[in-house]
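Notes to accompany the following structure.
The values are calculated or read from the model by the stated rules, or taken from the named source; none is laboratory data. Just so we're clear, the structure is a prediction, and the values are computed from it rather than from any experiment. We place every Cβ from the backbone using ideal geometry, glycine too, and count neighbours over all the protein chains shown. Ligands, DNA and RNA are excluded from the accessible area calculation, which covers all protein heavy atoms including side chains. Shrake-Rupley method; radii C 1.70, N 1.55, O 1.52, S 1.80 Å.
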Amino acid sequence: MITTSLKNLVEESVSHNPEIKKKVMLRFGDLPHLTNFSQACFAPGQTAPAHAHQDMCEVFFVEAGSGVIHIDGKEYPLLPGNCVAIEVGEVHEIVNSGSTELILTYFGLRV
């Protein structure tokens, strides 16, 4: 069993934009196929630039705030309660286009 609590975790930088902060609840190696289970906070205007993964898929859940995610050139809203799954090779970019903090809880699966 592994237990963690967001309140006890230290903030780290997101690899795609060091200004965006995250807390990592589970890391690569903690569970089979899981690359991470994290929560990221995007300030208004912050962007995780377009990128793709050839060895993993990702699932994002919007906890609070609003923004958009671009996937292979198409734009989709990020609103509280929305869940977006990114498949292997899909180019994706996340933008906090709102006026409050965008909070995403997400995980990656190695394929």
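Which members of the range 71-90 meet the condition of being within 18 Å of Val111 (Cβ to Cβ) and either open to solvent by less than 70 Å² (accessible area, probe 1.4 Å) or within 14 Å of the chain's Cα centre (by Cα) (or both)?
Hits for the range 71-90 are Ile71, Val84, Ala85, Ile86, Glu87, Val88, Gly89, Glu90.
Take Val68 and tell me if it is assigned to a strand (DSSP E or B), open to solvent by less than 30 Å² (accessible area, probe 1.4 Å), in contact with an Asp or Glu (Cβ under 6 Å, 6 or more places away or on another chain) and not charged (D, E, K, R).
Working: assigned to a strand (DSSP E or B): yes; open to solvent by less than 30 Å² (accessible area, probe 1.4 Å): yes; in contact with an Asp or Glu (Cβ under 6 Å, 6 or more places away or on another chain): yes; not charged (D, E, K, R): yes.
It is true that Val68 is assigned to a strand (DSSP E or B), open to solvent by less than 30 Å² (accessible area, probe 1.4 Å), in contact with an Asp or Glu (Cβ under 6 Å, 6 or more places away or on another chain) and not charged (D, E, K, R).
Residues that are of a type in the set (D, E, K, R), at least 2 per element: which strands (runs of 3 or more DSSP E) completely within the range 1-58 meet that? Let's see the steps before the verdict.
Numbers: elements: 12-14, 17-27, 34-42, 47-51.
Output list reads 17-27.
Ala40 passes all but one of (1) modelled with pLDDT of 95 or more; (2) open to solvent by 30 Å² or more (accessible area, probe 1.4 Å); which number fails?
Here Ala40 clears every test but (2).
Scan the range 79-102 and give yes if some residue there is touching a residue at least 60 places away in the same chain (Cβ under 8 Å) and aliphatic (A, V, I, L, M), otherwise no. Spell out the reasoning first.
Of the residues in the range 79-102, the ones touching a residue at least 60 places away in the same chain (Cβ under 8 Å) are 101-102.
Now narrow it down to the ones that are aliphatic (A, V, I, L, M): 102.
Yes: one or more hits.
Is at least one residue of the range 100-111 aliphatic (A, V, I, L, M), modelled with pLDDT under 95 and in a loop (DSSP other than H, G, I, E, B)? Step through it out loud before you land on a result.
Initial filter on the range 100-111 (aliphatic (A, V, I, L, M)): 102-104, 109, 111.
Now narrow it down to the ones that are modelled with pLDDT under 95: 111.
From the residues that got through so far, the ones that are in a loop (DSSP other than H, G, I, E, B) too are 111.
Taking every residue of the range 100-111 in turn, at least one turns out to be aliphatic (A, V, I, L, M), modelled with pLDDT under 95 and in a loop (DSSP other than H, G, I, E, B).
Could you grab the pairs with beta carbons closer than 6 Å, sequence gap of 6+ or different chains, first residue in the range 1-26 and farther than 17 Å from Leu102 by Cβ, second one surrounded by 10 or more Cβ atoms within 10 Å (Cβ to Cβ) and of a type in the set (Gly, Ala, Ser)?
Val24/Ser38
Return the pairs, sorted by first residue and then second, in which the second residue is in a strand (DSSP E or B) and β-branched (Val, Ile, Thr), the first residue lies in the range 36-56 and is over 23 Å from Leu9 (Cβ atoms), the beta carbons are less than 6 Å apart, and the residues are 6+ apart or on different chains.
That search, which allows pairs on different chains as well, returns Thr47/Val95.
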